[in-house]
Protein chains: 2
Amino acid sequence: MILTVTLNTALDVTYRVPALRPHSAHRVTQVTERPGGRGLDVARVLAALGHEATVTGFAGGATGRVVRERLTGVTDALVPISGSTRRTIAVVDARTGDTTRLDEPGPLVTPAEWSAFLQAYEELLARADAVALCGSLPPGVPVGAYAGLVRLARAAGVPVLLDTGGEPLRRAVAARPDLIAPNGDELAELTGSHEPLRATQDARRRGARSVVASLGAQGLVAATPEGHWRAVPPTRPRGDLTGAGGFITAGLLSGLADRLSWPETLSRAVALSAATVLPPATGEFDPAAYEDLLGRVAVTGEVNAA
Amino acid sequence: MILTVTLNTALDVTYRVPALRPHSAHRVTQVTERPGGRGLDVARVLAALGHEATVTGFAGGATGRVVRERLTGVTDALVPISGSTRRTIAVVDARTGDTTRLDEPGPLVTPAEWSAFLQAYEELLARADAVALCGSLPPGVPVGAYAGLVRLARAAGVPVLLDTGGEPLRRAVAARPDLIAPNGDELAELTGSHEPLRATQDARRRGARSVVASLGAQGLVAATPEGHWRAVPPTRPRGDLTGAGGFITAGLLSGLADRLSWPETLSRAVALSAATVLPPATGEFDPAAYEDLLGRVAVTGEVNAA
């Protein structure tokens with residue numbers, strides 16, 4: 001079983017409007033809702049790839065109920081809280097296709113709820129082949145939370161992937177996660193360097209065993225104990241891939257769980273992100289496009305001397 | 001008991017953002033939620049004025065559950081439906097104070113649900129002193145719905161106030177409601193005239209027994225079988241009163257139920273709308289300001305010869 005942790009789950013709501021005009025009233029022509037938060041997205045992709053996926057984190061209130069009712073294909077091990085799970089609203093302008101996002105901050109998690117989560121997490125780790133820690137932290141959860149979760153995973157002997165940014169990433173990287181998967185901005189913020197090769201190596205020195213940075217259309221850059229690689233999609237992505245990060249994390253996690261080589265794992269992540277059904281907010285990929293792309297990802301790099 | 005009908009109830013969600021910029025991502029800094037839809041707003045004001053208020057209409061899905069949980073001070077006689085009650089999102093730009101609205105269309109009401117509502121409505125009318133039919137119609141409800149509800153109220157001998165616009169108003173006015181309360185735009189759309197005195201008289205010829213049109217800062221214009229009046233607030237309203245219509249309707253309904261004279265009823269409606277706590281979306285009025293304003297509304301007009 002692969003475990004994904006989403007402390008700040010969400011109900012992702014998408015509104016289609018004819019044209020967004022600030023300071024006026026709009027009739028929404030189409031409403032779609034799906035469970036969201038990075039780890040839930042990742043678990044959904046893992047399930048589509050044939051993995052057994054379990055999701056944990058927090059869910060509460062009316063929005064939390066909807067999130068749980070709509071979780072299909074994955075095992076629900078979310079921990080109940082008294083606060084209400086946040087919504088994110090994506091307003092799509094039908095005229096331009098542009099999206100405007102409104103993200104609620106998330107519920108306040110109490111110390112007792114955080115303790116209940118830690119107990120559930122340790123129990124789930126005992127059955128996990130790999131774990132991914134994903135996304136932002138809700139109010140009330142200590143900023144060093146991911147560092148503690150990384151240590152617990154390492155103590156349980158479960159490979160741990162960290163997919164977050166900012167201060168939570170900075171704190172957790174020192175706890176020596178097996179893999180971090182930042183995007184270019186998150187990596188630059190962590191290391192102070194905008195040069196991907198140098199930055200991935202720097203992130204390893206800070207504690208991450210392996211680093212895979214996603215650079216949009218330029219693909220992935222990986223720095224690992226086994227070597228370093230770059231993996232590039234065969235065709236330019238068809239549009240704005242903001243939000244496609246969940247596919248890359250799912251691909252990496254899937255390769256980790258299947259004990260693939262790094263070049264195979266990177267190919268899987270790149271092919272998945274390139275096979276995303278646009279907009280990525282739909283959380284779906286095209287299986288035929290994925291299979292086709294898988295053999296055509298260009299991976300170049302170097303294996304370290306043993 | 002005063003009955004208000006809200007066929008398209010809503011959960012009104014207000015988001016405060018530092019500054020709204022289309023096609024970018026926003027962290028919402030404050031989220032507030034309250035039951036909405038015009039008839040629910042009216043009932044809340046009636047309850048604050050000391051009336052016994054009952055709300056009916058439709059509620060369904062996760063959003064409907066939240067609406068029902070948060071209905072306080074009024075009797076809940078909403079009819080359950082399989083579809084989900086709509087949300088409305090008001091995005092307040094903290095920098096400018098401007099509001100951008102996103103209104104979901106509302107659930108599809110089935111013919112069986114509409115029949116169940118009609119039965120509940122007739123039973124409620126038997127105990128009602130007055131009824132208000134408020135707001136838009138959700139998908140699936142026939143556009144002539146309000147005409148039928150007006151006829152049922154008249155058959156039951158219950159005074160009926162109609163507070164809607166567009167085609168639903170046009171259809172229902174011919175069924176001879178006791179009172180319609182359009183705003184200036186709705187009245188102009190109904191009659192083709194932008195001259196309030198002429199337009200209110202024309203609306204009476206179309207079937208409404210009495211017409212009270214709200215003209216924003218210019219107050220109210222009333223055309224009734226007993227005479228015609230204009231009621232003007234003593235001070236300029238403190239801001240944008242879009243959304244204050246619920247207060248005017250509540251004032252009129254309250255006067256109708258208490259069998260006040262027209263000048264007294266109009267004073268009550270004007271004082272309430274002028275005592276609105278801004279923004280009106282909060283659905284609250286300042287009782288002290290209301291009492292103070294009540295004696296200072298200027299009502300001018302003429303009683304018809306008996």
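A short reminder: the numbers here are calculations on the coordinates, not readings from a lab. Just so it is clear, the structure is predicted and the values come from calculations on it, not from any experiment. Positions of Cβ are backbone-derived with ideal geometry, glycine not excepted, and every protein chain shown enters the neighbour counts.
Considering helices alone, the calculated mean residue ellipticity of chain A at 222 nm is -10500 deg cm²/dmol, with DSSP H runs of length four and up weighted by -39500 (n - 2.57) and normalised per residue. Across region B:15-103, C-alpha contacts under 8 Å between residues 6 or more apart give a mean separation that, scaled by the residue count, equals a relative contact order of 31 percent.
For region A:2-303, the Kirkwood estimate of hydrodynamic radius, built from reciprocal distances between every pair of different alpha carbons, is 19.4 Å. What is the gain in length, in nm to one decimal, between A:E226 and A:R16 on full extension, counting 0.36 nm per residue of separation less the C-alpha to C-alpha distance? Contour length minus Cα-Cα distance gives 71.0 nm. Shortest first, A:G207 label-point distances to identical copies amount to 7.3 nm, with the label point at 7 Å from Cα along Cα→Cβ.
When +1 charges are put on Lys and Arg Cβ atoms and -1 charges on Asp and Glu Cβ atoms, the dipole computed for the protein assembly as shown relative to its Cα centre reaches about 400 debye. The distance between label points at A:R70 and B:E167 comes to 3.0 nm (points 7 Å beyond Cα on the Cα→Cβ vector).
In nanometers and ordered shortest first, the copy-to-copy spacing of the B:D258 label point, defined 7 Å from Cα toward Cβ, is 7.4.
Shielding by partners for peptide A:66-73, expressed as the average number of C-beta atoms from other protein chains within 10 Å of each residue's C-beta, is 1.
Between A:V55, A:G97, A:T32, the Cα set farthest toward the positive side of the dipole of region A:2-303 (charges on each charged residue's Cβ, about the Cα centre) is that of A:G97. Working from label points 7 Å from Cα in the Cα-to-Cβ sense, the B:A288 to B:S24 distance is 4.1 nm. Inter-label distance, B:A94 to A:L108: 1.7 nm, where each label sits 7 Å from its Cα along the C-beta direction.
Reported to the nearest whole Å, the Cα centre-to-centre distance from region B:104-127 to region A:93-133 is 39.
Can you give the net charge of the other residues whose Cβ lies under 15 Å from the Cβ of A:V5, counting K and R as +1 and D and E as -1?
-3
In this Cβ point-charge picture (+1 for Lys and Arg, -1 for Asp and Glu), chain A has a dipole of about 360 debye about its Cα centre. Remark: relative contact order (chain A) = 14 percent; criterion is Cα-Cα distance under 8 angstrom and separation of 6 or more residues. Note on B:100-109: average number of Cβ atoms from other chains within 10 Å of each residue's Cβ is 5.
Its Cα centre serving as origin, region B:153-215 has a Cβ charge dipole (Lys and Arg +1, Asp and Glu -1) of approximately 380 debye. For the protein assembly as shown, the equivalent ellipsoid derived from the alpha-carbon gyration tensor has semi-axes of 58, 22, 22 Å in decreasing order. Calculated from the alpha-carbon coordinates, region A:112-216 shows an Rg and a Dmax of 13.6, 42 Å respectively.
Secondary structure note: in chain A, about 45% of the DSSP beta bridges are antiparallel.
For region A:1-76 versus region A:149-209, the spacing of their alpha-carbon centroids is 25 Å.
Neighbours of A:C134, meaning other residues whose beta-carbon lies under 13 angstrom from its beta-carbon, give a summed charge of -1 when Lys and Arg score +1 and Asp and Glu score -1.
Highest GNM mean-square fluctuation among B:T224, B:T200, B:T235, for chain B modelled with Cα contacts below 10 Å: B:T235.
Can you tell me the relative contact order of region B:142-275? Whole percent, Cα pairs under 8 Å, sequence separation 6 or more.
Relative contact order of region B:142-275: 16 percent.
Label points for A:P225 are taken 7 Å from Cα along Cα→Cβ. From this copy to the others they lie 9.3 nm apart, shortest first.
Projecting the Cα atoms of A:L256, A:A188, A:A269 onto the charge dipole of chain A, computed from C-beta unit charges around the Cα centre, puts A:A188 farthest toward the positive end.
When the Gaussian network model of chain B links Cα atoms closer than 10 Å, the mean-square fluctuations of B:P263, B:P159, B:P287 top out at B:P287. B:S254 sits among other residues whose Cβ lies under 12 Å from its own Cβ, and their net charge, with Lys and Arg +1 and Asp and Glu -1, is -2. The GNM of chain A, with springs linking C-alpha atoms under 10 angstrom apart, assigns the highest mean-square fluctuation among A:S210, A:S261, A:S136 to A:S261.
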